Amino acid sequence: MAIKSYNSDLLSAPADLPENSANRLTTEHISVCICTYKRPQLLNRLLQDLARQETDGLFTYSIVVVDNDKLSSAEAVALEFCNSSSISLTYCVVPEQNISMTRNKAIESSRGDFVAFIDDDEFPVQRWLVNLYSARKQYGVDGVLGPVKRHFDVTPPKWVLDSNFYDRKTYPTGTRVNYKEGRTGNVLLKRSIFEDIVPAFRPEFRGGEDTDFFTRSTKKGYKFVWCDEAIAYETVPPIRWNKKFLLRRALLRGATTLNYPDFGFKEIAKSAIAVPLYTLGLPFALMLGQHKFMELLVKLCDHLGKLLAVLRINPIKEHYITE
């Protein structure tokens, strides 16, 4: 696997820490990891917000950007950031399109005591890292997850606003997070976990690799909690409220569940019952509004994707659904 990389040489000391500080040897460090694919404008917004993160002097941080585009479409953004910011940034390319390999490369390229993951289409509040870090210390756990709330730069159709698309569950701070809720869109993890869970993200997954990681981590006794103040916003561009996009992504999401360790006859039976029932329910859902119709249709495609995958039928060839 060819890897292309460089490091910002603007700052030899970790961010937010004076070169000669006596605390340099003891202050904990966070590597903020971003896996990106053909989203240079969104990546730029994320990097600008990461540069403004508050630390309260509790830790230092740096950034790792791993580009999963063989054409290195994120390189110019990363270079511009390195030339204008005092935050240390590492950039590398994983040309083979595979999100698990990309996440693993991010971990390999990280340094310090903790690894934070945030998606390239997200941007955090100014105290995002402080809140994650403080919650982990307060509750004495191995990782902390935060909420990802939807954000529209362009006002979407009413049926999108009325739907639950891109709305995710939230919990009170300190709530124990189970493996089914585990994801890497907004999380801080102890680096030592990755020395025990190898590989952290399994390359055979085309999606859901983060759920698989949290499943294996939880079974080994690692504990994770929620921090409701560590907010990140997910930019939802117009392409993502395209109905074809939503349905294709649901089919891919359903197909990937076959790799989960608890997938078996029970899941197959559930989908076999759900597909005809949801199909019959579509006309009634439409009477309740277009948003209800689409919500049900997406659920149907989730289950249909599972059944097709069991039959070795792959309706979605791409690794990522981006358009």
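Starting from the Cα of K220, draw a straight line to each of the lysines and keep only those under 17 Å, dropping any in the same chain fewer than 8 residues away. Partners within reach: K180, K190.
Across the chain, the mean sequence separation of Cα contacts (distance under 8 Å, 6 or more residues apart), normalised by length, yields a relative contact order of 18 percent. The antiparallel fraction among DSSP beta bridges confined to the chain stands at about 40%. Looking at the square roots a ≥ b ≥ c of the eigenvalues of the Cα gyration tensor of segment 221-286, which shape do they give, rounded for a/c under 1.5, prolate if a/b is larger than b/c, or oblate? It is oblate, given that a/c is not under 1.5 and a/b is not larger than b/c.
Taking label positions 7 Å along the Cα-Cβ direction at both L258 and E229, the computed distance is 4.6 nm, reported to one decimal. Short to long, the 5 Å bins of the Cα pair-distance histogram for segment 196-323 hold 2, 9, 15, 17, 18, 18, 13, 6, 2, 0, 0 percent of all pairs. Ordered from longest to shortest, the equivalent ellipsoid semi-axes for the chain are 35, 21, 20 Å, each the square root of 5 times a Cα gyration tensor eigenvalue.
Accessible area per residue for segment 173-323 in Å², computed with a 1.4 Å probe and the full protein assembly in place, what is it?
Numbers: 7510 Å² over 151 residues.
Accessible surface, normalised per residue, equals 50 Å².
Which of the aspartates and glutamates could a cross-linker span from K137 if the Cα-Cα distance has to be under 12 Å and same-chain partners fewer than 8 positions apart are dropped? Candidates past the 8-residue exclusion: E28. The residues L307, L50, sorted by heavy-atom accessible surface at 1.4 Å with ligands and nucleic acids left out, run L307, L50 from largest to smallest.
Rg of the Cα atoms in segment 27-80, relative to 2.2 N^0.38 Å, amounts to 1.24.
Summarise the accessible area of the chain (1.4 Å probe, protein heavy atoms) by the percent that is carbon and sulfur.
On the way: 8190 of 15170 Å².
Carbon with sulfur: 54 percent of the solvent-accessible area.
Counting only the Cα atoms, segment 111-247 fills a convex hull of 124 Å³ per residue.
Applying the criteria of a DSSP loop state and at most 15 other Cβ atoms within 10 Å to the chymotrypsin sites (Phe, Trp or Tyr not before Pro) of segment 237-316 yields F263. Take the chain, connect every pair of alpha-carbon atoms lying under 10 Å apart with a spring to form a Gaussian network, then pick out the residue of N164, N44, N98 with the largest mean-square fluctuation. The residue with the greatest mean-square fluctuation here is N164.
Can you give the local net charge around V125? Use residues other than it whose beta-carbon is closer than 12 angstrom to its beta-carbon, Lys and Arg +1, Asp and Glu -1. Let's see the in-between values first.
Values: positive: R52, R127, K149; negative: D49, E54, E122, D228, E229.
Summing Lys/Arg as +1 and Asp/Glu as -1 gives -2.
If you sort E234, E229, E54 by accessible surface, 1.4 Å probe, largest first, the order is E229, E54, E234.
The values are calculated or read from the model by the stated rules, or taken from the named source; none is laboratory data. Worth saying up front: this structure is predicted, and the values here are computed from it rather than measured. For neighbour counting, all protein chains shown are included, and Cβ atoms are generated from backbone atoms with ideal geometry for every residue, glycine included. Quick note on the areas: whole protein, heavy atoms, side chains included, nothing else; ligands and nucleic acids left out. Shrake-Rupley method; radii C 1.70, N 1.55, O 1.52, S 1.80 Å.
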